[in-house]
Amino acid sequence: MAGDTILETKGLTKEFKGFVAVRDVSLAVERGTIHALIGPNGAGKTTCFNLLTHFLAPTRGHIYFNGREITGARPAAIARMGLVRSFQISAVFANLTVLENVRIALQRARGHSFDFWRSAATLSSLDARARELVESVGLTEFVTRTAGELPYGRKRALEIATTLALDPEMMLLDEPTAGMTQEDVERVSALIRRVAANRTVLMVEHNLSVVSTLSDRITVLARGEILAEGDYASVSRNPDVVTAYLGGSDA
């Protein structure tokens, strides 16, 4: 691996009973960048994410993180290495407060994510860091609100806070602005830019406006294969990319 490459795949392939969802994907993500993975519906983007974090096992191919092969490693082990993902559907504890959600993630980073029986003093020792994370994603005014009460965009911000609590070196964000109002899109986009200041981000995103303003590099998938790579200006002018999107070939 090159010295500035943090995540790399070689020939990554996933087959489902004869259907090839991801085919021979060789991807290189540079350290300290925001790299977008885009493509029409059914292009294989989320499947790629599931392969990278081993929520799915690849049929063939290899995955490397920080120069170490992680193909076949357990999801929890991959997270402990510093590669942490979010999901398309916001994953928070709806009946717990914003602070409690972040505190649970901090407990997980300590290796005791479900030690609810510990003393209140022990748990409250995590509150200062939890409040810092809550503030970093703009949720200070919601700190005592239950997660289920939050507007959708704020829930996604909370999810990013819980991901940051694991202190990842690299974050995988799956559709971070999906289903949001324009105001929430702008807020979460600004948040992604802030959290990417000292880490690497790989994101699946449908909103091309977000992709164009945030991404340093873009990989376009179609029918499970890499169709194009480059900056936004180059891929947006690529005729194959235009055909894939406007033609709906992966719908």
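Rank Lys10, Lys45, Lys17, Lys155 by accessible area, highest first, at a 1.4 Å probe radius?
Lys17, Lys10, Lys155, Lys45
For the chain, modelled as a GNM with alpha-carbon contacts under 10 angstrom, which of Ala233, Ala130, Ala147 fluctuates the most?
Comparing Ala233, Ala130, Ala147 in the GNM, the peak value goes to Ala233.
Rolling a 1.4 Å sphere over the protein heavy atoms, what is the accessible area per residue of the stretch 129-214, to the nearest Å²?
Accessible area per residue, the stretch 129-214: 40 Å².
Give the Debye-formula value of log10 I(q)/I(0) at each listed q (0.10, 0.13, 0.15, 0.24 Å⁻¹), with one equal scatterer per alpha carbon of the stretch 142-251, two decimals each.
-0.35, -0.57, -0.73, -1.37
Note the angle between two axes, namely the Cα long axis of helix 182-195 and the longest principal axis of the Cα atoms of the chain, as a number of degrees from 0 to 90, rounded to the nearest 10.
80 degrees
Excluding ligands, DNA and RNA, what is the solvent-accessible area per residue of the stretch 4-114 at a probe of 1.4 Å, expressed in Å²?
Here the per-residue accessible area is 45 Å².
Given the chain, report the % of alpha carbon pairs whose separation exceeds 32 Å.
Cα-Cα pairs of the chain separated by over 32 Å account for 23 percent.
At a 1.4 Å probe radius, carbon and sulfur cover how many percent of the accessible area of the stretch 158-251?
Carbon and sulfur: 49 percent of the exposed surface of the stretch 158-251.
As I understand it, the value is the acute angle between the Cα axis of helix 127-136 and the longest principal axis of the Cα atoms of the chain; what does it come to in degrees, rounded to 10?
Rounded to the nearest ten degrees, it is 40.
Under the rule of at least 5 residues apart or a separate chain, name every residue whose amide H is placed under 5 Å from the amide H of Gly39.
Leu221
The values are calculated or read from the model by the stated rules, or taken from the named source; none is laboratory data. As the structure is a computational prediction, the values presented were derived from the model and not from experiment. We work out accessible area using only protein heavy atoms, side chains counted, and drop any ligands, DNA or RNA first. Shrake-Rupley method; radii C 1.70, N 1.55, O 1.52, S 1.80 Å.
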